[in-house]
Amino acid sequence: MTALQRTSPNPIAHLSAEDIENLGAELDAIREQVIASRGERDAAYIRSVVTAQRRLELGSRAVLLFSLFPPAWLAGTVGLSVSKIIENMESSNNVMHGQWDWMRDPIIHSTTWEWDHAAPSDMWKHSHNELHHTYTNVLGKDHDLGYGIMRVDEDQPWKPYLLFQPLTNAVNACVFQYGIAFYDVEVGKYLKGRLDKKEFRSRAGKMLTKIRRQVTRDYVLHPLLSGPSALTTLTANATANLVRNIWTHSVIMCGHFPEGVATYEKNSIEGETRAEWYLRQMLGSANISGSAAMHFMTGNLSYQIEHHLFPDLPSNRYQEIAPKVQEVFERYGLTYTTGPLPKQVASAWTKIIRLSLPNGFLETALQPFAAVLPKSATDRDSAAAA
């Protein structure tokens with residue numbers, strides 16, 4: 001992957017300015033159709049999800065009171081893991097995008113919702129809703145693109161420490177909620193003298209307060225309530241948090257990291273129109289195909305393209321509009337990037353490993369085996385070197 005402006009052939013070279021504006025109008029029409037039809041069916045959906053998730057969490061924690069017994073530990077841990085994933089993905093992520101604000105429910109509302117996560121909701125909404133969705137896949141602007149610690153584009157300079165990039169990504173997956181929590185603190189910006197000390201301390205204090213609350217609940221309060229099962233309850237909570245972190249990291253990584261997803265240079269978005277913003281979301285995102293259960297467990301972020309085009313539409317509608325969006329892709333000669341979860345995860349990890357090495361390294365290393373390797377294996381690295 002290289003910045004779209006440097007890609008040859010350019011995947012949007014065949015589109016005129018009029019084509020792009022027409023594309024934007026068609027997507028606006030899809031959006032308006034959903035807004036006009038929102039109603040009780042959608043409200044009932046999110047309320048049922050929130051209720052079911054909370055009951056599952058309560059039931060799982062009740063079972064863990066007896067986690068000294070292995071079957072109870074296993075059942076409680078599985079239930080709590082699923083509960084935490086649903087809470088983060090289908091409930092909180094979508095509520096905090098403002099998808100359900102139209103209901104005017106004082107509880108299920110982006111301005112009042114707090115989630116089971118290390119990142120305070122208001123800080124996450126700034127780093128994600130305002131920055132990530134505005135500057136999607138723009139190098140140097142989008143924190144979600146490489147999480148600020150990885151090389152995700154051939155045009156980014158290679159440095160020796162990047163050899164550890166696969167390990168860095170693996171560690172990040174295990175502690176993902178804490179990495180996300182650090183986004184809006186902007187430690188790097190503070191160390192470079194570009195963030196006021198008072199503001200930095202305020203952000204850091206808010207984050208640490210939230211982390212302390214989460215840690216106290218999962219690793220002190222609930223284990224103590226379990227009495228003789230305190231230690232096993234603690235390990236169950238730790239396991240559930242680990243499972244949630246790895247799952248959410250995998251889903252998010254599949255949204256913008258797989259091969260075929262475009263990145264953008266900072267100057268490419270100057271004077272960007274709404275239609276051009278749509279086009280950037282289309283080429284800068286990737287979907288995951290799979291069952292209804294899989295889509296639900298991803299918070300419907302498996303429809304990442306639709307989510308990025310319409311981040312404030314109800315998540316239960318993405319499956320409904322996906323065929324319409326895909327049809328727009330096809331008519332305008334654009335690639336709708338999608339694939340099963342294992343394929344997308346493998347693609348993202350392959351890119352992370354490949355970009356941990358200097359451009360052209362693999363081409364040189366694999367040259368002696370060029371006769372027996374698939375042609376694409378050497379061609380891709382050759383293109384990167386060029």
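A single entry from Val243, Val215, Val220 fulfils the requirement of being within 21 Å of Ala62 (Cβ to Cβ), without any contact (Cβ under 8 Å) to a residue 24 or more places away in the chain and of a type in the set (Val, Ile, Thr): Val220.
The helices (runs of 4 or more DSSP H) found wholly in the stretch 7-112 and carrying at least 3 residues that are surrounded by fewer than 18 Cβ atoms within 10 Å (Cβ to Cβ) and among the hydroxyl-bearing types (Ser, Thr, Tyr) occupy 40-63.
If you check Ser92 against the conditions, is it of a type in the set (Ser, Thr, Tyr), within 14 Å of the chain's Cα centre (by Cα) and over 16 Å from Asp312 (Cβ atoms)? Walk me through it before giving the result.
Values: of a type in the set (Ser, Thr, Tyr): yes; within 14 Å of the chain's Cα centre (by Cα): yes; over 16 Å from Asp312 (Cβ atoms): no.
When the stated conditions are applied, Ser92 does not pass them.
Applying a threshold of 7 Å to beta carbon distances and a minimum spacing of six or more residues, or different chains, the list of pairs starting in the stretch 119-141 at a residue that is at pLDDT 95 or above and ending at one that is part of a loop (DSSP other than H, G, I, E, B) and aromatic (Phe, Trp, Tyr) reads Ser121/Trp113; Ser121/Trp115. For the stretch 233-251, residues that are surrounded by 21 or more Cβ atoms within 10 Å (Cβ to Cβ) and in contact with a Leu (Cβ under 8 Å, 6 or more places away or on another chain) total 5. So is Leu4 crowded, with 18+ Cβ neighbours inside 10 Å and at pLDDT below 95 or not? In short, yes. Within the stretch 16-40, residues that are under 16 Å from Asp312 (Cβ atoms) reach partners that are in a loop (DSSP other than H, G, I, E, B) with beta carbons closer than 6 Å, at six or more positions or on different chains, in the pairs Arg31/Phe310; Val34/Leu313. Applying the condition of being more than 18 Å from Arg151 (Cβ to Cβ) and among the hydroxyl-bearing types (Ser, Thr, Tyr) to the stretch 249-276 and asking which residue is modelled with the lowest pLDDT yields Ser268. Cβ-Cβ distances below 7 Å connect no pair with a first residue in the stretch 198-211 that is not assigned by TED's automatic domain parsing to the domain that holds Trp113, a second residue that is part of a helix (DSSP H, G or I), and a separation of six or more residues or different chains. Among the candidates Lys197, Lys192, Lys206, the residue that is modelled with pLDDT of 95 or more and not small (Gly, Ala, Ser) is uniquely Lys206.
Looking across the stretch 73-104, the residues that are touching a residue at least 40 places away in the same chain (Cβ under 8 Å) and either more than 25 Å from His295 (Cβ to Cβ) or basic (Lys, Arg) (or both) come down to Trp73, Gly76, Lys84. Taken over the stretch 142-179, the criterion of being on the phi > 0 side of the Ramachandran plot and touching a residue at least 40 places away in the same chain (Cβ under 8 Å) is satisfied by Gly148 alone. Criterion first (buried (at least 20 other Cβ atoms within 10 Å of the Cβ), in contact with a strand residue (DSSP E or B) (Cβ under 6 Å, 6 or more places away or on another chain) and either of a type in the set (Val, Ile, Thr) or under 19 Å from Lys141 (Cα atoms) (or both)) does Tyr278 satisfy it? It is false that Tyr278 is buried (at least 20 other Cβ atoms within 10 Å of the Cβ), in contact with a strand residue (DSSP E or B) (Cβ under 6 Å, 6 or more places away or on another chain) and either of a type in the set (Val, Ile, Thr) or under 19 Å from Lys141 (Cα atoms) (or both). Please enumerate the residues belonging to the stretch 346-367 that are closer than 24 Å to Ser250 by Cβ, surrounded by fewer than 19 Cβ atoms within 10 Å (Cβ to Cβ) and either in the same structural domain as Gly146 (by TED's automatic domain parsing) or hydroxyl-bearing (Ser, Thr, Tyr) (or both). Of everything in the stretch 346-367, just one residue is closer than 24 Å to Ser250 by Cβ, surrounded by fewer than 19 Cβ atoms within 10 Å (Cβ to Cβ) and either in the same structural domain as Gly146 (by TED's automatic domain parsing) or hydroxyl-bearing (Ser, Thr, Tyr) (or both), namely Thr350.
The values are calculated or read from the model by the stated rules, or taken from the named source; none is laboratory data. None of these values were measured; they are calculated from a predicted model. When we count neighbours, we look across all protein chains shown, and the Cβ atoms used for this are built from the backbone with ideal geometry, even at glycine.
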